[in-house]
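Notes follow once the structure below has been shown.
The values are calculated or read from the model by the stated rules, or taken from the named source; none is laboratory data. Keep in mind it's a predicted model, so treat the numbers as computed, not measured. Cβ placement follows ideal geometry from the backbone for every residue including glycine, while neighbour counts extend to all protein chains displayed. What goes into the accessible areas is simple: the full protein's heavy atoms, side chains included, and nothing from ligands, DNA or RNA. Shrake-Rupley method; radii C 1.70, N 1.55, O 1.52, S 1.80 Å.
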Amino acid sequence: MEKHEFKSESKKLLDLMINSIYTNKDIFLRELISNASDALDKLYYRSLTDDKVSVSKDDLKIDLAFDKDEKTITISDNGIGMTKEELAENLGTIAKSGTLDFKDNMSKEDKLDVIGQFGVGFYSAFMVADKITVESKSIDSKEAYIWESKGVDGYSIDKGTKKDNGTIITLHLKENDSEFAYDKYLDEYELKNLVKKYSDYISFPINMMVTHNELKDEKKHEYEEHKELETLNSMVPIWKRDPKDVSDADYENFYMDKFGDFDKPLKRITSSVEGVTSYKALLFIPGHAPADYYNPNYEKGLALYSNGVMIMEKCADLLPDYFSFVKGIVDSEDLPLNISRETLQESKSLSLIAKNIEGKIRRELEDMLKDDRATYEEFFKTFGVQLKYGVYNNFGMDKEKLQDLVMFYSAEHEKLITLKEYVSEMKEGQEKIYFASGSSISKINSMPQVEQVRDKEYDILYLTDYVDEFCVTAISKYEEKEFQNIASGELDLETEEEKKETEKVNKKSKDLLKAMKYLIPDIDEVRFTNKLKSHPVCLTSKGDVSIEMQKVFDAMPNDLGIKAKTILEINEKHPISKKLKELYKNDDKTDFNNYTKILYSEACIIAGLPIDNPTEISDLICDVISK
Ligand code: ADP
C-alpha cells in the first residue's frame, strides 16, 4: 500500500471541509452524483469517437445504496473510471488552478469565500464522512485501485479487485454529535428527497433499492415489505423542460452544481429556437467573477450537447470574448454526435447558433439596463470591463453592438450613466462629450481642469478603469458627438475674447516660454493659460495619446516607448507668473532654472506621472523655501 500526503493547499481546503463550517451539508450527494454523471458522459462520448470502446447508452447508470449497520453510503457508476495516476491527481489535489488566499484567524465569511472560490467538489464528502473509500477501474487500465483517506493526514492507494470499469465511492459517515445527526442520511426517504431536489435532471438513471409495502391480507390489514430497484430521478435535462415547469430554485441548484458556484446566478437566460438549426440554450450570468476569471488560463465557453449527450465541455466558439463570463449549455439536434473538434469549428450550424446566442445575450442585457437598472449596475461593476474591452478589441469591430451597454461615472449624477444618457442631457451650445481619466474619482475631482468645465455646467464622464480611455477612443464619436479629454491642451472652452487675450500674453512672453521649454526637454510646449482659476500649473497633452494612455503603455511588460505629447500650462493670473517674468527679466538664471523645474515637477505630480529626479527636485524646493 502506498501512502501519500495531500498537497498543502488541498490540505487546508480539506480542513475547512472537515471542520464543516458550511451549513448545507446535503450538497455532498449532489457533488458526487454530478461527478458520476460526468464520468458516464465521458465514457459515452469516448465510445462515439473510439472504435475500441463500445457502450450502450441504456446500460449507463448510477447506483445509490446505504447500510445502516456499517453506517455507509455508496455511490457507484459504470463510467470512465480513474487510473491509479488519475486517482492521485484528481482526488489528491485541487484540480482548479489559481491560488487560495488562506489567512490566519479567518472569519466564517472568509472561509466560506475560500471554499466558494473553489467550488465544493469531491471534498465536500468530508463534511459528512470521516473516511472515504474510492475503488475505481479506468477504461484504459487493466487494474482497479482503491484510494482511501481519513482526512487531512493523507491518503493511501492500494490494488483493488473491481473487474468492470467505473467507480464506487463509499462514505463512512461521522458519528452524530450535538450539532448534527449524520445518520439522517441512512434513510431511504431522505436520500430519495435529496436526489429529487438536487439531481433530478441528471440524464442517467440514479437507482436505489426502495422499500414497498404490499397488502398481503386485506382483512387483517397485513402488509408485506419488499424491496425494488427504483429510478429516483426524472432524467429529463433541465434545459429540455418547459421553463414554466421549472422553479427558480431548480435552475439555481442546477447552475450551482454544474458550474461549481457557491452563489446563485445574477441572471438566467433561456432560449428555444426552431429553424434551419434548432437548439435549446440555458445560460447564466454569474453574480461574481469566477475564481479563475482573471487567470490567463481561464477558458470561456458553453457546454455543448447533441440531443442530450455532451459532446464538448467548453465550446469556446459559442461565445465572443466580451461575453466570456457567461456560463451555460447549448443542446442541438442538428449537430452530429461524432463530430470532431476540428469539423465542429467549421460547422455552419455552430456559427449560426453562436451568432444567435450573442444577440440573445446582448438583448437580455439591454432589457436589464432598461427595466432593472440596479441589477444591471451590479452586473456592470463585475463584468463591465469585459464589455469595454470588447468595444476596442478587434479594431473596434464590435463597438456598435456594445456602446450602449457601457457606462461611465458621471460628475453630475455621481453614479454610472450611459452615453445615450450623457448626450441627451448635453447643454445648449455643448458640442462634445467631456471626459477625464484618473485612477480614482477623488483624484479626478481634484484635477485643475475639472473646474472650468463644471463651471459651464457641462457634465464630465470620469474614466477610472485602465481600458476606459481606449474604449472611448475606439468609439470616437457617439451620436455625432466627439469625445474630448479635459486634460488635453486642445480643450477649447474659452470665448473668442479670452482666446485672443491668452494668445497676446503668450506672444509677449515668447522668449521666456522658449527658455523654459529648453530647460525641460521631455515637454512639447510651455504656455500661459487662463483656464486654471486658482491652480498654478497643469500638464495637458495634444494628439492621440493622452497622459493616462501613456501610463497604461508604460505599465506594459514590453515598453513600446509610446509617449504623450505634453504641454506645461501655467496660470497667467497666478502670482507665480509674475515671479517667473521678473526672474527672466532680471536674468536670474539659477532661480529661473530652479523655478521651472519645480513647476514642471508639480504638474507631473498632479498628472500622476513619476518624477525622474525626485532627490534633485526635493533639494531645489528646500533651497527655495529656506531662502
Ligand atoms: P470537479 O468535478 O469540479 O472537477 P471534484 O473535486 O469533484 O472536482 O473532482 C475532481 C476530479 O476527479 C474530477 O474532475 C474527475 O476527473 C475525477 N472524478 C471524480 N469523481 C469521479 C468519478 N465518479 N468517476 C471518474 N472520475 C471522477
When ranked by the protection proxy of mean other Cβ atoms within 10 Å per residue, highest first, what sequence do the peptides 498-510, 432-444 form? 432-444, 498-510
Can you give the Rg to Rh ratio of the chain, both from alpha-carbon atoms, with Rh computed by the Kirkwood formula? 1.12
The helix 188-199 Cα axis meets the longest alpha-carbon principal axis of the chain at an angle in degrees, between 0 and 90 and rounded to 10, of 40 degrees
Could you give the accessible area per residue of segment 556-605, probe 1.4 Å, as a whole number in Å²? 58 Å²
Violating pairs (Cα-Cα greater than 23 angstrom) within the set LYS12/LYS131; LYS420/LYS542; LYS280/LYS348; LYS150/LYS192; LYS137/LYS184: LYS420/LYS542; LYS150/LYS192; LYS137/LYS184
Heavy atoms of the protein only, probe of 1.4 Å, neighbouring chains included. What is the accessible area of MET426 in Å², nearest 10? 40 Å²
With every protein chain kept in place and a 1.4 Å probe, the residues TYR392, TYR189 fall, from largest accessible area down, as TYR189, TYR392
Residue pairs, from the table LYS3/LYS174; LYS456/LYS565; LYS240/LYS264; LYS432/LYS578; LYS370/LYS531, whose Cα atoms sit over 32 Å apart: LYS432/LYS578; LYS370/LYS531
Quick one: net charge around LYS137, please, counting Lys, Arg +1 and Asp, Glu -1 for every other residue with C-beta under 12 Å from its C-beta. -1
Taking protein heavy atoms only, a 1.4 Å probe, and rounding to whole percent, the accessible area of the chain owed to carbon and sulfur comes out at 47 percent
Accessible area expressed per residue, segment 150-250, with surrounding protein chains retained (probe 1.4 Å, Å²): 61 Å²
Rounded to whole Hz and in sequence order, give me ³J(HN,Hα) for segment 74-85 from the Karplus expression 6.51 cos²θ - 1.76 cosθ + 1.60, θ = phi - 60°, writing x for Gly and Pro. 10, 10, 10, 9, 10, x, 5, x, 10, 6, 4, 5
Multiply the residue separation of LEU48 and ASN445 by 0.36 nm, subtract the distance between their alpha-carbon atoms, and state the gained length in nm to one decimal. 136.7 nm
What does the charge count near LYS531 come to, summing +1 for each Lys or Arg and -1 for each Asp or Glu among other residues with Cβ under 9 Å from its Cβ? -3
At 1.306 mPa s and 10 °C, plugging the Kirkwood radius over alpha-carbon pairs of segment 1-54 into Stokes-Einstein gives what diffusion coefficient in µm²/s? 111 µm²/s
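Largest first, how would ASP164, ASP544 line up by accessible area (1.4 Å probe)?
Of ASP164, ASP544, the descending order of accessible area is ASP544, ASP164.
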Quick one: if you stick a label point 7 Å off each Cα along the C-beta vector at VAL273 and LYS627, how many nm between them? 7.3 nm
Given the peptides 458-468, 589-599, 171-181, arrange them by the average over their residues of other C-beta atoms within 10 Å, most packed first. 458-468, 589-599, 171-181
Value of [θ]222 nm, deg cm²/dmol, for the chain, DSSP H segments ≥ 4, -39500 (n - 2.57) each, nearest 500: -11500 deg cm²/dmol
Length gained when the stretch ASP404-SER424 is fully extended (0.36 nm per residue, less Cα-Cα span): 5.9 nm
In vacuum, with every alpha carbon of segment 397-455 counted as one equal point scatterer, what does the Debye formula give for log10 I(q)/I(0) at q = 0.25 Å⁻¹? Two decimals, please. -1.19
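How far, in nm, would the chain grow between GLU497 and SER156 when pulled straight, counting 0.36 nm per residue and subtracting the alpha carbon separation?
114.1 nm
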Rounded accessible area of ASP140 (nearest 10 Å², 1.4 Å probe): 100 Å²
By how many degrees, between 0 and 90 and to the nearest 10, does the Cα long axis of helix 510-519 differ from the longest principal axis of the chain? 50 degrees
When the C-alpha atoms of segment 254-296 are aligned to their principal axes, what extent does each axis show, in angstrom, from largest down? 37, 24, 15
To the nearest 10 degrees, how steeply does helix 373-396 sit against the main Cα axis of the chain, on a 0 to 90 scale? 70 degrees
